[in-house]
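Working notes for the structure below.
What follows is calculated from the coordinates using simple rules that are stated; it is not laboratory data. Please read all numbers here as calculations on a predicted model, not as lab measurements. Don't worry about glycine lacking a Cβ; one is built from the backbone with ideal geometry, like all the others, and counts go over all protein chains shown.
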């Protein structure tokens with residue numbers, strides 16, 4: 001089974017698009033962007049109300065879907081069917097089987113493109129190593145397209161490309177600086193990019209500076225893994241517990257606690273390596289080169305370390321390892337384990 005990403009799907013959409021696709025994953029910006037690409041691929045001359053069929057929770061039935069698939073395009077070569085707001089997570093096995101049987105009709109319908117558009121709250125795909133039963137069933141009849149959250153490094157390059165498109169020079173250091181101020185939401189970053197580009201061009205300049213970001217970019221209260229690790233490093237237990245409670249409030253299933261700890265461990269491992277090299281007298285540039293990370297990002301890590309030594313970070317990593325052992329044993333509440341980690345790491 002081939003699982004496409006957003007880049008592969010957009011490449012396919014530039015050629016001849018046909019058949020059915022399952023859109024899933026967390027990154028809504030890329031998902032919506034790819035949906036627009038699909039619409040342009042099917043309707044290159046603009047919107048076509050006759051051949052653009054949209055089904056959602058209010059009007060969806062397997063009969064309506066079958067009729068949409070079997071209908072011939074009206075004065076056109078193709079038609080596009082979109083399915084939105086279908087709560088697949090609440091579907092029983094029999095209903096999923098009926099859905100898949102109907103979707104299998106696409107095999108004999110080369111004049112149809114179908115997009116089953118899902119959001120995480122409506123569909124549990126599982127993961128790569130253990131996909132959900134429903135994901136495996138639907139992937140037998142639709143090509144899955146996974147829209148993953150982008151890493152900071154990937155987003156930095158993406159931000160730079162957007163500025164380049166607007167004829168503005170933005171190096172990676174400035175991309176990271178913009179994300180540090182505005183967060184990593186792609187919709188928000190597009191807005192900030194357009195605003196900054198317009199301002200810079202109005203000033204007769206062509207290069208983004210840190211002063212531009214501080215003057216115009218909107219600060220966000222986005223809570224991320226870096227904020228959590230920084231609060232622990234600063235021994236700011238109030239902030240650390242506030243962030244942890246925010247994570248817990250959003251995690252209704254309690255399954256995200258392992259991801260939270262995994263992010264912390266990854267950050268503290270990088271901090272430990274940076275700290276060890278810094279204690280030998282190496283500067284940011286040499287450390288960044290040795291660890292193959294961005295120099296600006298390295299300087300952010302160095303500032304976060306404060307007066308913490310490599311021995312301090314090693315102790316925190318040992319606490320993280322103990323927390324990981326407890327989580328894997330399944331013998332206690334995950335967020336209680338992280339609460340204890342905060343207290344012990346702050347001593």
Given points 7 Å out from each Cα along the Cα-Cβ axis, report the residue 96 to residue 220 separation in nanometres with one decimal. 3.3
Helix 237-250: inclination vs the chain longest Cα principal axis, degrees, rounded to 10, gives 10
A chain fully extended from residue 250 to residue 292 at 0.36 nm per residue, minus the present Cα-Cα distance, gains in nm 11.7 nm
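Going by C-beta contacts inside 10 Å, put 162, 52 in order with the fewest on the left. Show your work: numbers first, answer last.
On the way: 162 20, 52 14.
Ranking 162, 52 by Cβ neighbours within 10 Å, fewest first, gives 52, 162.
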For the chain, modelled as a Gaussian network with Cα springs under 10 Å, which listed residue fluctuates most, 56, 236, 251? 251
Along principal axes, largest first, the alpha-carbon spread of the chain in whole Å comes out as 71, 62, 32
Give me the compactness ratio for the stretch 152-216, meaning the Cα radius of gyration over 2.2 N^0.38 Å. 0.96
log₁₀ I(q)/I(0) of the stretch 225-345 at q = 0.12, 0.17, 0.20 Å⁻¹, via Debye over equal Cα point scatterers, no solvent, to two decimals? -0.45, -0.83, -1.07
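Return the FRET efficiency for the residue pair residue 242, residue 72: r is the Cβ-Cβ distance, R0 is 51 Å, and the value is rounded to the nearest 0.05. Working shown, then result.
On the way: r = 58 Å, r/R0 = 1.14.
It comes out at approximately 0.30.
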In this structure, the FRET efficiency calculated for residue 206 and residue 300 from their beta-carbon separation, with R0 = 25 Å, to the nearest 0.05, is 0.45
At 7 Å along Cα-to-Cβ for each site, give me the label-to-label distance between residue 191 and residue 282 in nm. 4.0
Label-to-label distance, nm, for residues given as residue 7 and residue 143 (7 Å Cα→Cβ offset): 1.7
Based only on other Cβ atoms within 10 Å, what is the fewest-to-most ordering of 43, 147? 43, 147
In degrees from 0 to 90, rounded to the nearest 10, what is the angle of the helix 334-345 Cα long axis to the longest principal axis of the chain? 20
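Ranking 341, 317, 114 by Cβ neighbours within 10 Å, fewest first, what do you get? Can you show the working numbers first?
Numbers: 341 22, 317 17, 114 26.
The fewest-first ordering by Cβ neighbours comes to 317, 341, 114.
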